[in-house]
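Quick notes on the structure that follows.
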Amino acid sequence: MNNLFAQSRSHWVRYDRYEIKTGKDGKRYITPEKTAKPDIYNPLKESSEMVLEALNVGMLMMNRSPEDEVEKAILTFVTHYGLLGLMTALPTTPSFMDYEAVYLPKNHFIKEESMATEDYLALFYPFDKLDVVKKGVESSWNVSGDNMMIALTMTFMDEPMAKNMSFQREYAEPYDWVTQQFKDWAFTLTTSVLYYNDYDSIDEDTRNLYRKAMA
């Protein structure tokens, strides 16, 4: 089968080193190391490898592998492909900085249907904050003092502000959110495979159970 993404292009940022840090709230986060260097790449060129590696990480957790083995696999994944981009994936739009608040569909991680933008950003910048000013639908962001981050910001200046912000070295994603996402992907694949493999040998009630699990 031909690669559906062969002629497609996208841009994402990965850093050469990540670490797991504990915030003041006691939660653990995955974030680039202080001196980590960013690399801009096209993830669609590595889509097959990325999907397989993500599923392997999820299967480690579903098989109850030791925690240190899971942590190593997750850090290896994000070093290869970058963080998941949950900050822009969870809201109804990645351009949420253009609105008065952040609006959220139903998801695993946040119960609220809307949040103040400042409160939402705090979920992803638990250590060093960005210099962001938000007034209604207007927002401004100042980057200074780090030539590498300034250059990165200029590279993505045509992208939604929040996406650009998520590529900065200060950005972090809650460790338990990342692990849940990997488990969800692995669970969905496993359920789909079982559904189609067992379709002819199971009754309609069981099929509906599989459908609900995939939904």
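A short reminder: the numbers here are calculations on the coordinates, not readings from a lab. Quantities reported herein were computed from a predicted structural model and do not represent experimental measurements. Here the Cβ is made from the backbone with ideal geometry for all residues, glycine too, and neighbour counts use every protein chain on show.
Brief remarks follow.
- Mean separation of Cα contacts under 8 Å (6+ apart) over length of the chain, as relative contact order %: 23
- Prolate/oblate/rounded label for the range 85-169 (Cα gyration tensor, a/c 1.5): prolate
- Rounded tilt (10° steps) of 67-81 against the dominant C-alpha axis of the chain: 60
- Nearest-ten-degree value, helix 204-214 long axis tilted from longest Cα axis of the chain: 20
- Per residue, the convex hull volume that the Cα atoms of the range 37-91 enclose (Å³): 105
- Loop-located trypsin sites (Lys or Arg not before Pro) across the range 36-81 with a Cβ neighbour count of 16 or fewer within 10 Å are ARG64, with loop assigned by DSSP.
- With an a/c value of 1.5 or above and a/b not larger than b/c for the gyration tensor axes a ≥ b ≥ c computed over the alpha-carbon atoms, the range 8-67 is described as oblate.
- As a ratio to 2.2 N^0.38 Å, the alpha-carbon radius of gyration for the range 1-104 is 1.24.
- Convex hull per residue volume in Å³, alpha carbons only, for the range 125-171: 76
- Choice from PHE167, PHE124, PHE156 with maximal GNM fluctuation in the chain (Cα, 10 Å cutoff): PHE156
- Links that overshoot a 18 Å alpha carbon limit, given the list LYS134/LYS163; LYS34/LYS129; LYS21/LYS129; LYS21/LYS72; LYS129/LYS163; LYS24/LYS183: LYS24/LYS183
- Fully extended contour minus Cα-Cα distance, from ASP128 to THR188, at 0.36 nm per residue: 18.1 nm
- GluC sites (Glu not before Pro) within the range 35-104: DSSP coil, no more than 16 neighbouring Cβ in 10 Å: GLU100
- Mean residue ellipticity (222 nm) of the chain, computed from DSSP H runs ≥ 4 via -39,500 (n - 2.57), nearest 500: -13000 deg cm²/dmol
- Degrees between helix 47-62 axis and first principal axis of the chain (Cα, 0 to 90, nearest 10): 70
- Extension gain for the segment ARG17 to LYS37, taken as residue separation times 0.36 nm less the Cα-Cα distance, is 6.4 nm to one decimal.
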